[in-house]
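The structure appears right after this line, and notes come after that.
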Amino acid sequence: MTDFLTPGTGLFFMRVGTHARESLEEIVARKTAEIDKRGYTLWGYGGQICHPITVVQPFAKERRSAGKPLFLCMEEMVSERYFGEPQAASEYSEDGRNWKEIPADIEVRGSRYALRIDSLRKADFTLPLEDTRIPVGPSSGRPGSRFVRDNVDKACLVVEPGAGAHDEFSHRRISLVANVLEPYALMLRNFRPAPHES
């Protein structure tokens with residue numbers, strides 16, 4: 001499973017769990033069904049650290065132009081709170097100006113942004129953050145192990161063995177992996193009630 005963690009590989013690291021009144025198990029089942037039907041789905045997220053236009057898209061395009069793959073690696077976190085509202089977005093945009101309708105059979109609940117993925121598989125391996133670095137933004141060049149800590153729950157990373165030193169925050173247990181594809185990251189708007197609430 002860790003064969004893809006080769007030097008230069010692009011990673012979008014994210015901590016995941018209960019969200020918008022759904023357990024992680026329910027979310028994974030729904031997203032897997034969407035991929036089976038559509039060939040892709042949208043995996044929602046929030047926060048400003050990995051803004052779709054200013055951070056994720058430039059990072060993803062640079063990795064792809066270098067001939068490197070891009071993966072979403074997710075660490076499951078235990079949460080008893082239901083973060084986010086259950087409403088699903090009805091529109092998406094690659095650039096924040098031109099908006100398109102999200103297919104009715106793809107739901108992105110309680111999120112401002114989303115990654116476009118065409119696979120979602122269970123995993124069980126340790127991601128050594130000391131062997132990654134931040135490639136974009138004010139923290140560019142910083143080891144992943146020095147960035148992903150405290151309240152930081154997501155990051156764009158490049159695999160670079162020996163980028164940092166091992167510490168208590170270095171190793172993260174990855175339980176889900178997805179392949180990220182163009183246009184990589186999207187902005188969302190105009191939320192509609194989820195089907196079970198309408």
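The values are calculated or read from the model by the stated rules, or taken from the named source; none is laboratory data. Here the structure is a predicted model, which means the values were calculated and not measured. Glycine gets a Cβ as well: all are built from the backbone with ideal geometry, and neighbour counts include every protein chain shown.
Values for this structure:
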item	result
Pick from the range 85-118, criterion at pLDDT below 95, under 16 Å from the mean Cα position of the chain (by Cα) and of a type outside the set (A, V, I, L, M), ranking: farthest from Arg30 (Cα to Cα)	Arg112
When residues of the range 3-27 are limited to those that are among the aliphatic types (A, V, I, L, M), surrounded by fewer than 21 Cβ atoms within 10 Å (Cβ to Cβ) and not in a strand (DSSP E or B), the one modelled with the lowest pLDDT	Ala20
First in the range 140-152 and of a type in the set (Gly, Ala, Ser), second anywhere and exposed (fewer than 14 other Cβ atoms within 10 Å of the Cβ), Cβ under 7 Å, 6 or more apart	Ser145/Asp167
Residue in the range 83-102 that is over 11 Å from Leu188 (Cα atoms) and touching a Leu at 6+ places or on another chain (Cβ under 6 Å) present	no
Residue within the range 65-77 that is assigned to a strand (DSSP E or B), within 19 Å of the chain's Cα centre (by Cα) and of a type in the set (Asp, Glu) present	yes
Leading residue by the ranking (surrounded by the fewest Cβ atoms within 10 Å (Cβ to Cβ)) among those in the range 28-53 that are in a helix (DSSP H, G or I) and without any contact (Cβ under 8 Å) to a residue 24 or more places away in the chain	Asp36
Matching strands (runs of 3 or more DSSP E) fully within the range 121-198 where at least 3 residues are out of contact with any helix residue (DSSP H, G or I) (no Cβ under 8 Å at 6 or more places or on another chain)	121-128, 171-192
